1. If you place +1 on the Cβ of every Lys and Arg and -1 on the Cβ of every Asp and Glu, how big does the dipole about the Cα centre of chain B come out, in debye to the nearest 20?
2. For a test of the definition: using alpha carbon positions, the gyration tensor, and the 1.5 limit on a/c, classify chain A as rounded, prolate or oblate.
3. Which pairs in the list A:165/A:299; B:35/B:57; B:57/B:85; B:60/B:119 are over 29 Å apart, alpha-carbon to alpha-carbon?
4. Once phi is turned into θ = phi - 60°, what whole-Hz ³J(HN,Hα) does the Karplus curve with 6.51, -1.76 and 1.60 give for every residue of segment B:36-52, x standing for Gly and Pro?
5. Points 7 angstrom from Cα along the Cβ direction at residue C:217 and residue A:308: gap in nanometres?
6. Which far-off residues, 5 or more places away or on another chain, put their amide H under 5 Å from the one on residue B:98, with H placed in the peptide plane?
7. Rounded to the nearest 10 degrees, what's the angle between the helix B:105-114 long axis and the longest principal axis of chain B, both from Cα atoms, 0 to 90?
8. Quick one: angle between helix A:147-165 and the longest Cα principal axis of chain A, in degrees between 0 and 90, rounded to 10, please.
Amino acid sequence: MDIVTILTVAVRHAGPVLLVAMGGLLASRVNIFNLALEGFMLIGAFSSIVGAFYTGNVWLGVLFGVLASTLMIIIYAVFIIELEVQPVVCAISIITLASGLTRYLLNPVFGVSGRYVLSSELAMPVVHMNWLEAIPVAGQILNNHSLLVYFALVLPFVLAFVINKTKYGLDIRAVGMNEEAAVSAGIHVRKVKYSALMINGILCGLGGAELALSVYMFNVGMTNGRGYTALAAITLAGCNPLLSLITCLLFGFAESLVVSLSGVGFSSYLLGMLPYALALVAAVAPQVARRCIHFIKRKKSETEMISEYYRN
Amino acid sequence: MKRKLKKTLAMMLAFVLLASAVSGCGSKSGGESEKHRIAFVSYQAFDSSEWLQNLTKGLKQYEEENENVEIKCIEALAVDQYETKVRACCEEGFDIIITTYSDMADATIAAAADYPDIKFGILQGEMENIADYSNIADFHLNRTETAFIQGCAAALMTKTGKVGFVGGSDSGGINEILAGYQQGIAYIDNGTEDVVTYCNSFTDPTIGKEYALQLIAGGCDVIFGAAGGSGTGCAQAAEEQGVMYAACDVHYTDAAPNAEIGSAMNYFENMVIAFIDDTIHDNYQGGTSREYGIAQGAAGYEFADNDLAPQDIQDQVMAVSEKIAAGEIEIASEPLHK
Amino acid sequence: MRNRKVINSVLAIMIAFIMGGLMVLLSGDSPLETYSVLLKGSFGSLNALKNTIRYSIPVVLLAYSFSVCNQCGYFNISHESQMYSASLAIVMVSELTQGWPSWLRLILMMAAACMASIAACMIPAAAKFGLGVSEVVVGVMMNYLMAYLTKHMIAFSFIAQPGSSSIMSLPVSESVGAVSITVSTVVIILLYQFVMKKTIPGYRLSVVGRNPLFANASGLPSMRIMLSSAVVGGLLTGICAIGEMLGYYHIIYSDFAVDIGFNGMTAALLGAQNAIGMLLGSLLLGALKSGSVLLTVVTSVPAELVDCVKGFVMFFATVTFIRSDVWMRKGGK
């Protein structure tokens with residue numbers, strides 16, 4: 001498998017995770033550690049399949065996914081903000097509810113159990129851009145993805161702009177840094193938190209819809225830990241949108257590498273460790289490097305000082 | 001105000017307790033002496049694998065056709081629930097209890113020791129000292145047989161000489177299927193080589209699709225998916241790329257309507273029903289281990305409705321099937337390579 | 001003030017049960033029957049009580065482990081990796097010391113388990129305090145890594161059991177009785193409450209947790225105390241692993257520790273990180289589990305709905321309905 005294919009698969013794999021990660025990033029910027037990204041993504045996936053089934057249109061299916069996910073997150077928001085439930089406990093219960101409900105509803109809605117496959121006409125359409133064929137390597141990697149994946153690639157830049165350059169972004173940062181100060185500055189803290197969570201819900205719905213509609217089916221538990229990967233990606237990146245783009249792509253690259261290295265004879269379990277080992281290295285390496293550089297600089301200035309002293 | 005609240009709480013608690021006491025009284029089903037109560041405890045979710053879905057459907061049908069039989073299918077998905085659920089079944093008056101896979105072997109042994117009158121059966125248990133347990137019967141469906149036939153079909157149908165395998169996990173059950181597949185390919189002996197991958201998930205069609213796409217890009221034109229829900233993704237990949245798909249336990253009429261060359265069907269329900277029939281007709285063989293395969297009607301190779309295999313290849317494949325049923329071909333259960 | 005919190009939790013749990021009952025009703029089963037079976041399965045017979053205790057013990061140990069670390073600012077979510085490390089250590093020692101006297105093997109296995117889980121607990125702590133890396137990321141990654149490593153070991157290494165239809169390790173012949181496990185857990189619970197409330201190290205821990213800078217300024221060695229909280233947390237998880245492995249399983253099954261950390265963390269948060277609250281929270285989770293065992297065997301309520309009821313209970317159990325401002329305005333106590 002060549003590097004271009006690996007990178008293409010990486011982008012394709014990172015798409016849904018990126019959407020969900022951006023949602024989680026916005027929530028964590030207002031100090032809500034949304035552990036339940038996995039649950040919201042699953043609900044988005046299931047609802048998008050239900051929507052596409054009943055309306056016969058892919059994009060209406062996406063809309064359904066977004067609406068369902070946003071509705072759930074509003075409930076979550078009410079519980080954490082108004083009723084002051086512990087966010088982590090609430091998140092765990094949302095995840096449990098989401099997986100139980102989506103599994104249970106397959107029977108009443110579709111009459112099947114375990115998975116439901118739509119007709120292939122309802123697959124997420126893949127966009128082929130002719131002008132990208134002219135660009136040698138990057139063009140091939142970025143070509144032939146769905147619209148939602150392209151949106152996911154552009155979103156970090158949009159979010160970075162919104163957070164750093166707009167008034168709304170300033171409000172978000174203020175609430176995140178010091179809620180009481182924000183209140184005294186006249187910022188409507190509850191409104192900001194709710195809106196951040198709602199955007200989170202929309203993005204999780206989009207991520208789930210992309211995941212499900214690109215294979216035009218729903219399978220019980222199909223998110224398979226992507227919500228947690230998104231959380232890890234944004235925590236690694238310190239909740240910075242552009243760095244999160246890089247970490248999500250890194251995770252996608254690692255998964256793609258695992259796929260390409262299979263079939264050679266490595267233990268599939270050891271291969272499965274690869275993305276997480278890579279993430280650990282990505283988390284630890286910059287800090288280790290920083291300390292080493294700091295140590296070297298200090299040593300250098302110390303020897304300089306001592307030689308100065310002896311010269312005098 | 002606080003006292004009032006406490007009072008209401010106390011009343012609510014009392015009500016709940018009273019309600020449960022009252023409703024708990026009459027809910028035990030009177031044991032009719034003729035009815036056999038059978039419990040089937042699965043270590044996997046019922047909707048996770050196709051063979052398990054077929055099994056539960058078959059058991060429900062059997063229950064409807066036979067009035068003297070009551071079957072309850074129970075999931076025990078976490079390791080700490082195996083023994084407690086089996087014991088709960090013992091206490092609730094089930095007289096035949098069927099457990100699954102070597103994961104539940106210890107739980108079955110412990111419960112069987114305490115309830116010598118209950119007849120236990122274990123599916124794919126692979127218990128070594130089965131003779132020591134007189135009230136446990138081990139039955140095993142040899143999935144290598146239909147996988148062998150699938151390997152033959154794949155080797156006969158391939159035009160590029162390369163076929164692929166996507167397994168759900170690198171474990172005994174899947175490797176059995178892989179072993180049959182590889183030996184089937186070797187049996188046809190036309191230079192076909194196979195590539196083995198494991199996608200480490202039974203519920204992720206997106207990643208299954210990626211694994212299949214990678215195999216296809218590497219030159220495979222037949223993909224054999226033994227990975228539950230992830231396999232559906234493999235079938236989709238085969239359909240989209242115009243290559244052939246070899247199915248396991250199911251026909252992918254929804255995901256791959258034009259790509260299938262045949263399905264290695266394993267009728268676990270036939271095996272379990274045979275065990276139940278034997279047991280209720282006083283033919284219970286505790287302490288033994290029985291193998292089921294094509295010859296016992298517990299497995300078979302089926303072609304899809306608009307199958308890609310032409311008639312002569314279909315005939316060749318069914319001839320192999322008959323040879324296996326007659327016991328003329330020996331199939332080992334260890335894969336040749338990974 | 002504390003009474004209000006207790007009333008809140010109880011009220012919340014009642015509402016949760018009502019909502020769960022509604023869901024069961026909508027799906028066609030009887031909520032009264034469901035709840036009566038849940039009660040019967042968790043407290044209705046000697047066997048039920050034994051099951052409830054058996055399920056509550058790992059939860060309470062992990063809840064204390066989480067709480068000790070959390071009080072020092074170390075968000076310990078790597079319980080799965082600690083459990084896997086400890087159980088791998090037990091089975092490896094068991095295989096390497098075949099034929100040695102039983103009491104020696106038992107001691108060695110328990111020591112190895114504790115050392116392995118302490119090491120696994122220290123890694124995210126060291127990353128956080130030594131390198132400034134988020135311990136959440138390190139912890140979650142370690143969970144996945146140890147899960148895969150365990151699967152690899154029980155599939156291919158010298159501890160793998162050949163010829164089984166699923167991957168699992170070789171069995172460990174030594175055993176620890178359920179009674180000893182229960183008694184040890186009770187001792188640990190009492191010790192924990194005593195140490196945290198009445199002794200100097202316990203006090204130091206809570207001071208460091210509340211304000212590490214102030215603690216440093218007062219002369220307490222914050223770093224050392226925080227790392228020692230990780231040691232205690234790891235030790236508790238190691239004891240939990242010993243109980244599970246030597247008490248019940250004797251074999252490492254694939255993914256046996258999935259979500260075990262979540263349960264402990266939930267109990268810790270449900271109990272507001274107060275020793276008795278965590279015990280009650282663990283008992284609640286244990287009771288739900290043992291009740292659901294009977295529920296799936298006796299009724300036709302699908303397992304997913306039982307999960308939903310569990311979800312609802314956790315949902316509501318820390319809701320503060322009665323807000324402090326309402327009480328103050330009404331002049332209530």
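1. 2060
2. Oblate, since a/c reaches 1.5 and b/c is not below a/b.
3. A:165/A:299
4. So the J values, rounded to whole Hz, are 8, 9, 10, 10, 10, 10, 9, 8, 10, 5, 4, 8, 7, 10, 5, 5, 6.
5. Once both label points are built, they end up 3.3 nm from each other.
6. Excluding prolines and chain starts, which carry no amide H, the hits are B:39, B:40, B:41, B:121.
7. Approximately 40 degrees, to the nearest ten.
8. 50
The values are calculated or read from the model by the stated rules, or taken from the named source; none is laboratory data. Since the structure is predicted, the reported quantities are computational estimates derived from the model, not experimental observations. Cβ atoms come from the backbone with ideal geometry, glycine included; neighbour counts cover every protein chain shown. Accessible surface areas use protein heavy atoms only, side chains included; no ligands, DNA or RNA. Shrake-Rupley method; radii C 1.70, N 1.55, O 1.52, S 1.80 Å.
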